[in-house]
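No value in this document is a laboratory result; all are computed from the given coordinates. What you see is a predicted model, and the numbers here were worked out from it, not measured in a lab. Reconstructed Cβ throughout: ideal geometry from the backbone, glycine too, with neighbour counts over all protein chains shown.
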């Protein structure tokens, strides 16, 4: 994978309603809204980062 050009729309996705299925792993993640990237974040444990209710 060419890390200089990453298309977030081609990466695996999961809806917030299924966040309990996120991996227990470190990750860089993209938050999308209306087909636009609105936030890029990183987490040491991705599931814990998104574990709070929305």
Using R₀ = 25 Å, calculate the FRET efficiency as 1/(1 + (r/R₀)^6) where r is the Cβ-Cβ separation of residue 17 and residue 40; round to 0.05. 0.70
Ranked highest first by average number of other Cβ atoms within 10 Å, how do 38-48, 5-15 line up? 38-48, 5-15
What number, rounded to the nearest 500 deg cm²/dmol, is the helix-based mean residue ellipticity at 222 nm of the chain, given -39500 (n - 2.57) per DSSP H run of at least four residues and division by all its residues? -1000 deg cm²/dmol
Can you sort 18, 49 so the residue with the fewest Cβ neighbours within 10 Å comes first? 18, 49
At a threshold of 8 angstrom on Cα-Cα distance, excluding pairs fewer than six apart, so keeping six or more, what relative contact order does the chain reach in percent? 32
